[in-house]
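Report on one structure; see the data block that follows.
Here, each number is a calculation from the coordinates, and none is a lab measurement. The shown structure was predicted, so the numbers you read here are calculated from the model rather than taken from an experiment. Ideal geometry is used to build each Cβ from the backbone, glycine not excepted, and the neighbour counts take in all protein chains shown.
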Amino acid sequence: MRSLLSILTSCLSVVSAASLQARAPTPGTLSQVTNWGTQPTNAGFYIYVPRNLAASPGIIVAIHYCTGSAQAYYNGSPYRTLSEQYGFIVIYPSSPHSGTCWDVSSRQTLSHNGGGDSNTIANMVKWTLSQYSADASKVFVTGSSSGAMMTNVMAAAYPELFQAAIVYSGVPAGCFMSSGGGVNAWNSSCANGQSTATPQKWAQVVFDMDPGYDGPRPKMQIYHGSADYTLSSRNYQETMKQWAGVFGYNYDQPQATTQNDPQSGYTRTVYGPMVQGIYAQNVGHTVPIRGSDDMKFFGFA
Ligand SMILES: *[C@@H]1O[C@H](CO)[C@@H](O)[C@H](O)[C@H]1NC(C)=O
């Protein structure tokens, strides 16, 4: 016969297992999501659910820079404030690597469902879509530096997930590709601006990350500073070539170029509805995030 105590204990352990499983992120605070599903890599999953959550909310994935973390990007970027204003959810992935850059170099991360960090982040998006009945037509990705590189990778490897992407001081998708297949490898030739190619070649790098895909792709906005000595400003032109190539725009003939837009010293170049870049004269690494402009590009404002 079981004692009362053992019955109680087993009830309690069932309860605590269930509550662990279903522990909901607390609205209005940065919460870590655990036990959430398939994690090909150990990237941390942090989420900000606004107190003012919209019905069928949008989602922004905000990806941190090297040496950063979910918490640091949460503190240092405007998205949590904007989330309360517009009701969308923010996913802040946290890199699992020492030095905490993102893996934007391995074959796994550079292929659709290939099992790298990009796959883990894509799974976070899918979990959030189903958990919050979020609006799949309002899913966006952005990031700074290493997070900007990952933003380009996400747009290339998971084009079906995102409607738009904003890149703050990154490199083209695949530019950090490691010849030895290294995970989270630094690539000096790319960082120094020596990886250059035609728009067609850069576009092919994108197509090769998700071969056979022919559905819609996210529209792209690329920021880079002219005084960037971490990821050479040459990467601005290379990234613009890449996305102009993907969308079939003529890289040599942008639709419009406007000076002092969106602020003094910045130049906006528009290739068409799907691709535009903003080159920031005398700005270093990284270009400061422009929260309210991001809201316009993503269609919240
Ligand atoms: C760096 O990336 C380029 C592509 O941008 C690639 O051709 C090269 O092999 C990479 N270098 C290393 C050391 O992996």
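With the convex hull built on the Cα atoms of region 99-161, state its orientation-averaged projected area in nm².
Working: hull surface 17.3 nm².
Answer in nm², one decimal: 4.3.
I'd like to know which of Trp243, Thr29, Ser118 lies farthest towards the positive end of the charge dipole of region 26-298, counting +1 on Cβ of Lys and Arg and -1 on Cβ of Asp and Glu.
Comparing the listed Cα positions along the dipole, Thr29 ranks first.
Could you tell me what percent of the DSSP beta bridges with both partners in region 161-276 are antiparallel, to the nearest 5? Kindly include the intermediate steps, with their values, before the conclusion.
Details: 6 of 13 bridges.
If I count the DSSP bridges inside region 161-276, around 45 percent turn out antiparallel.
Okay, helix-only estimate at 222 nm for the chain: each DSSP H run of n ≥ 4 adds -39500 (n - 2.57), divide by all residues, round to 500 deg cm²/dmol; what do you get?
Calculated from helices alone, the mean residue ellipticity at 222 nm is -9500 deg cm²/dmol.
Shape verdict for region 215-275, please, from the Cα gyration tensor: rounded (a/c under 1.5), prolate (a/b greater than b/c) or oblate.
Oblate.
Going Cα to Cα from Lys241, which lysines come in below 23 Å? Please leave out same-chain ones fewer than 8 positions away.
Correct list for Lys241: Lys201, Lys219.
As a test of understanding, state the convex hull volume per residue of the chain from its alpha carbons, in Å³.
Dividing the Cα hull volume of the chain by its residue count gives 147 Å³.
Which one, Ser264, Ser56, Gly182, is farthest towards the positive end of the dipole of the chain when Lys and Arg carry +1 and Asp and Glu -1 on their Cβ?
Towards the positive end, the residue furthest out is Ser56.
Identify all lysines with a Cα-Cα distance to Lys126 below 18 Å; exclude those on the same chain that are fewer than 8 residues away in sequence.
Once the sequence-local lysines are set aside, what remains near Lys126 is Lys138.
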